[in-house]
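The values are calculated or read from the model by the stated rules, or taken from the named source; none is laboratory data. All figures in this text were calculated on a predicted structure; none of them were measured in a lab. Glycine also receives a Cβ, built like all others from the backbone with ideal geometry; neighbour counts cover every protein chain displayed.
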Amino acid sequence: MVGCGDDDDDAQQQQAAAQAQDQQQEAVEQQADQQVQQQQAQTATAEEQQEQQAAAAQAVAEGEPKHGGILRIVMSDGGIFDPAIAIHGGTFAGVHQIYDWLNYLDEGFIMTSGMAELPEVVDELNYVYNIKPNVYWHDKPPLDGRQFTAEDAAFGLERFGFDNPEFVFKDRYAAIDKFEATDELTLHLQAGEVFSPILTAVAEDNALMVSRDAVDAFGDERISTDFEAQIGTGAMVGVSREPDVELRLDRNPNYYKEGQPYFDGYKGISLGDDAIRIASFVNGQTDFLNYQWFGRPVDLDSAIAELGEDAVTGVPNPVTYGMATHIHTEVEPYTDPRVRTAVHLAADREQLIALSLGELVIGGPIAVAIAPYGRTEDELRQLPGYRSGDLRQEDLAESRKLLEATGVDLDGFPPLDIWAPDASDYAQVLQQNLGEVGINIGINELTTADALAARQNREFSMIMLGQQGASDPDLLYNDLHTTGGQNYGNFSNPEFDALVEKGRSVFDVEERKAIYDEAQDRLLNEWNPRLYWSWSTVIVAFRSYLKGFRPTPGPTASNAILWGMWFDEIPEGAEQF
Amino acid sequence: MRNYIFRRLLLLPITVILLSIFVFGLIRLVPGSVIDARLSAGFPGTANADDRAKLEAHFGLDKPVHVQYVKWIGQVFSGDFGTSWLTKEDILDNFGRRMPVTIELLILTLIIYIPLGIGTGVWSAVRQNRADDYGIRFVTILFLAVPNFWLATLVIVVPLVLWGYAPPVPYVQLWEEPDTNIVQMIVPAAIAALAGAAVLGRVARSEMLEVLRQDYVRTAYSKGLAGRVVILRHALRNTMIPLITLIGLVFATGIAGAVIVEQIFAIPGMGRYLVQSLLTNDLPVVQVWMLVFGAAFILVNLLVDISYGIFDPRIRFQ
């Protein structure tokens, strides 16, 4: 019986251990669920969810999707098709259709499952992606339509970090130590350090999956340049490309999203000039007015003037790039943060934005599109430097006071370098604004190449040109951390560095938001290493017979979700290639 | 004449070598590089100085300039034009695909340019100080003054606003759909031709006026020859030397015009290729482009020089 008693004890112990294990497992799962929810909440405010519901309701109002027709989109042929080196917006006209994402950022920066379910966050260093079982490569050799596996996903992500000098996004996944397929459909990512932007990085615009088989068969060179070597899992299959003329893609019949895409094909037409681009749209040769990565309200107005309001639809699409003014913090007189703050207080954002004719919105350090971190226009308008009317006069007085305290020679400011002609008008306004506080500054106009070179080589004092896009508030690390790759003004501040380093190590959205709120406050009130004033808002314009469009986040007004659009009526000329 | 041609051909490689040194050096004086474009083209790459150095080594930009030049010119003379730094496409393939497009545009330009320029010039001279002469002179000055990029934009916008018409897109090859291709090419060719034709017309007019005052023309009239015969057979031939020089120059002006109209009308020719490459500092493409067209221009000048002897037998080559 003793033995029996022992057996009973053992059984009880085993049962207790099993219960404890279950409870532990349950706790881990709960934690994982919470963290996934946090990741989703990171990008989805209640307001945005309401907007999304409204968009869904609108889609219902637009009627049931219909199949058929060839979508004709204006593009600029970037010529490079490798997502690891793609630097040209025009390239996305092709690659976003041919390749696909494990997860992607949908409207409102909602992280959404793509070829993989949303990740299970095992702990802060381990993430598990379950690949959907119905994902297949295009039916072209050497893939021949085989299933997309976890091994493919591991390679697809790991490849971004391969030692190829042309791969420009390698740091994005540098925190991941191990890309492991634990079984056919399970991908395990193990980070070497806590890095909270990691899940966003997996869902970034460029995080498209290229297969090992294709790389082995064609090599990196052909993957980047040869259209024949473009084999993905995306909604469309590459058919032909005539460089600088057109791109033809066919519907992928095995696409994992059942019933999608709705178009039979996709034709990218390469057009170089605004006049012919608008003319082709107006007379019905293309269905989209703009390139994928921008859309100007004035173009929409032109199209509406010719076609009428009912024939054209324009949808605002906030994106994460804009116009910025970089300040070199190691060049006099900008070494003194008080001088930089004086410049910040003197700039009249309302005037600057008015010049853009609707292309830009007032912006702070983080784009408003990166919710909930980016400040809205209304929030910013309450802040010193962004205010108007009498409050602006207070800001100007404060600016003068700061300049007086520094004793800086107001006639000795080095010229403002600008990207001409795109920034010429803005620069003149800024010049006038600075004149209001006594700063006498000249303007030095540079070509695009010169401006890029000056910024890249840090050969400027203050320079006005484009602001990089990103999908995570961690962009501040890249932009301004002492070691940041795009810290063009050589800003270095241990307190700021500590803040953005902490921002990388925290998953909790509230806690993370508090960190970036503090960083933004201090940037605008004390440090001002850049003159922040705008982010872009793209107007995506298309013919109203197209339905189902939803704005997409990211650096571009991406056509990533064009697969979800359809022709309500197939227009003449779009029946076939 | 044979000796003259032989001497000129012997000088050709030396001229091309000098041209290549000039082109290679000039391009490198332009600030910015494809490296900058790669590293900061508006996307959230996190490239740093190390990445920059690796890219420079990848493109061979870490070598001394003279080493880069010798390697490049050696490749060019062995028929390897290299690859684009930006698109990584073979430059020779691109030339092969784009050159026929631009040649077609140039031929169409010449077809419009020569008869229009000489015809209006001759007509204007023959009808000196009459209403049609004043009309032609006004129009030629107008086309000289109007920039062709503005004219090109206008011919897209006006038909669109008036009739909802736009040129067909995308571009199709001549041998695929000849009628569509001609519709696509004739307007850009006309625009590329107009400014040149205006110059040619004004020169033809002044030359023709001078010739018409010569004794032999008066003699021809007094012999009772028809005015058309006098103009075309006797007078026109003697105006051709300066006109041939101008027509030779149309190769250069036509290429300059092609750069603009190809960009505006989305014609995938050599002009558009140059614009795209210049905007992105794609040095290998720009270098080869300038070298090839520079060499071609030297050859065209040689042909023009030779043709002088055909139009004026008094000219002897020494």
Quiz item: Would you say B:Ala192 is closer than 14 Å to B:Ile264 by Cβ, away from chain A (no Cβ under 12 Å) and surrounded by 14 or more Cβ atoms within 10 Å (Cβ to Cβ)?
Solution: yes
Quiz item: Can you tell me which residue in the range A:456-471 is farthest from the other protein chains (Cβ to nearest Cβ), limited to those that are modelled with pLDDT under 85 and farther than 23 Å from A:Val538 by Cβ?
Solution: A:Asn457
Exercise. Sort out which residues of the range A:168-194 are part of a loop (DSSP other than H, G, I, E, B), within 13 Å of chain B (Cβ to nearest Cβ) and not small (Gly, Ala, Ser), and write them in order of number.
Key: A:Val168, A:Phe169
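Let's see how each residue does on (1) part of a loop (DSSP other than H, G, I, E, B); (2) surrounded by fewer than 22 Cβ atoms within 10 Å (Cβ to Cβ); (3) basic (Lys, Arg); (4) touching a strand residue (DSSP E or B) at 6+ places or on another chain (Cβ under 9 Å):
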{"site": "A:Ile370", "(1), (2), (3), (4)": "yes, no, no, no"}
{"site": "A:Ser399", "(1), (2), (3), (4)": "no, no, no, no"}
{"site": "A:Pro414", "(1), (2), (3), (4)": "yes, yes, no, yes"}
{"site": "A:Asp425", "(1), (2), (3), (4)": "no, yes, no, no"}
{"site": "A:Glu445", "(1), (2), (3), (4)": "no, yes, no, yes"}
Quiz item: Out of all the residues in the range B:244-266, which are farther than 18 Å from B:Leu200 by Cβ and over 15 Å from the mean Cα position of the chain (by Cα)?
Solution: B:Ile264, B:Phe265, B:Ala266
Self-check item: Complete set of residues in the range B:151-160 that are more than 7 Å from chain A (Cβ to nearest Cβ) and either under 15 Å from A:Asp274 (Cβ atoms) or free of Cβ contacts under 8 Å to residues at least 40 places away in the same chain (or both)
Solution: B:Ala152, B:Leu154, B:Val155, B:Val158, B:Pro159
Quiz prompt | Members of the range A:195-211 found to be within 13 Å of chain B (Cβ to nearest Cβ) and among the β-branched types (Val, Ile, Thr), listed by number | solution = A:Thr200
Quiz prompt | Yes/no for B:Ser40 being over 31 Å from the mean Cα position of the chain (by Cα), within 24 Å of A:Asn164 (Cα to Cα) and modelled with pLDDT under 90 | solution = yes
Quiz item: In the list A:Ala311, A:Ala342, which residue meets the criterion of being buried (at least 23 other Cβ atoms within 10 Å of the Cβ) and either in contact (Cβ under 8 Å) with a residue 24 or more places away in the chain or of a type in the set (Asp, Glu) (or both)?
Solution: A:Ala342
Exercise. Among the residues of the range B:217-240, write down those that are surrounded by fewer than 16 Cβ atoms within 10 Å (Cβ to Cβ) and under 22 Å from B:Ser307 (Cβ atoms).
Key: B:Leu232, B:Arg233, B:Arg237
Practice problem: Name the one entry in A:Gly374, A:Gly358 that is of a type in the set (Gly, Ala, Ser), assigned to a loop (DSSP other than H, G, I, E, B) and within 23 Å of A:Pro421 (Cα to Cα). | Solution: A:Gly358
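Which residues, counting only those in the range B:254-269, are assigned to a helix (DSSP H, G or I), within 11 Å of another protein chain (Cβ to nearest Cβ) and either in contact (Cβ under 8 Å) with a residue 40 or more places away in the chain or touching a strand residue (DSSP E or B) at 6+ places or on another chain (Cβ under 8 Å) (or both)? Reasoning before the result, please.
Of the range B:254-269, the ones assigned to a helix (DSSP H, G or I) are B:254-264.
Next, from what is left, pick out any that are within 11 Å of another protein chain (Cβ to nearest Cβ): B:260-264.
Across the range B:254-269, the qualifying residues are B:Ile260, B:Val261, B:Glu262, B:Ile264.
Could you please find all residues in the range A:483-496 being within 16 Å of A:Thr325 (Cα to Cα) and either at the interface with chain B (Cβ under 10 Å from one of its Cβ atoms) or touching an Asp or Glu at 6+ places or on another chain (Cβ under 7 Å) (or both)?
The answer is A:Gln486, A:Asn487, A:Tyr488, A:Asn490.
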Quiz item: Say we look at the range B:127-167 and pick out the residues that are under 24 Å from the mean Cα position of the chain (by Cα) and part of a loop (DSSP other than H, G, I, E, B); which of these is modelled with the highest pLDDT?
Solution: B:Pro167
Quiz item: In the range A:160-193, which residues are farther than 23 Å from A:Val135 by Cβ and among the basic types (Lys, Arg)?
Solution: A:Lys170
Exercise. Would you be able to say whether some residue in the range A:282-291 is more than 13 Å from chain B (Cβ to nearest Cβ) and without any contact (Cβ under 8 Å) to a residue 12 or more places away in the chain?
Key: no
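Name the one entry in A:Leu480, A:Leu499 that is crowded, with 18+ Cβ neighbours inside 10 Å, of a type in the set (A, V, I, L, M) and within 14 Å of another protein chain (Cβ to nearest Cβ). It would help to see each step written out before you state the result.
On the way: A:Leu499 fails: within 14 Å of another protein chain (Cβ to nearest Cβ).
Exactly one of A:Leu480, A:Leu499 is crowded, with 18+ Cβ neighbours inside 10 Å, of a type in the set (A, V, I, L, M) and within 14 Å of another protein chain (Cβ to nearest Cβ), namely A:Leu480.
Do we have any residue at all in the range B:275-282 that's of a type outside the set (A, V, I, L, M), out of contact with any helix residue (DSSP H, G or I) (no Cβ under 7 Å at 6 or more places or on another chain) and closer than 23 Å to B:Asn148 by Cα? First the steps, then the outcome.
Taking the range B:275-282 and keeping what is of a type outside the set (A, V, I, L, M), we get B:276-277, B:280-282.
When the remaining residues are screened for being out of contact with any helix residue (DSSP H, G or I) (no Cβ under 7 Å at 6 or more places or on another chain), the result is B:276.
After this cut, where a residue has to be closer than 23 Å to B:Asn148 by Cα as well, the list is B:276.
Yes, that holds for at least one residue.
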Self-check item: Lone unmet requirement of (1) touching a Phe, Trp or Tyr at 6+ places or on another chain (Cβ under 9 Å); (2) surrounded by fewer than 19 Cβ atoms within 10 Å (Cβ to Cβ); (3) within 13 Å of chain B (Cβ to nearest Cβ); (4) not aliphatic (A, V, I, L, M) for A:Ser270
Solution: (2)
Practice problem: Output the residues belonging to the range A:231-278 that are in contact with a helix residue (DSSP H, G or I) (Cβ under 6 Å, 6 or more places away or on another chain) and outside any strand (DSSP E or B). | Solution: A:Ile231, A:Gly232, A:Gly234, A:Ala235, A:Gln260, A:Pro261, A:Leu271, A:Gly272, A:Asp273, A:Ala275, A:Ile276, A:Ile278
Quiz item: What number of residues in the range A:135-178 are at pLDDT below 95 and among the hydrophobic types (A, V, I, L, M, F, W, C)?
Solution: 8
Quiz item: Taking the condition within 14 Å of another protein chain (Cβ to nearest Cβ) and in a loop (DSSP other than H, G, I, E, B), does A:Pro165 pass?
Solution: yes
Quiz prompt | the range A:440-455, subset of a type in the set (Gly, Ala, Ser) and within 24 Å of the chain's Cα centre (by Cα), residue farthest from the other protein chains (Cβ to nearest Cβ) | solution = A:Ala451
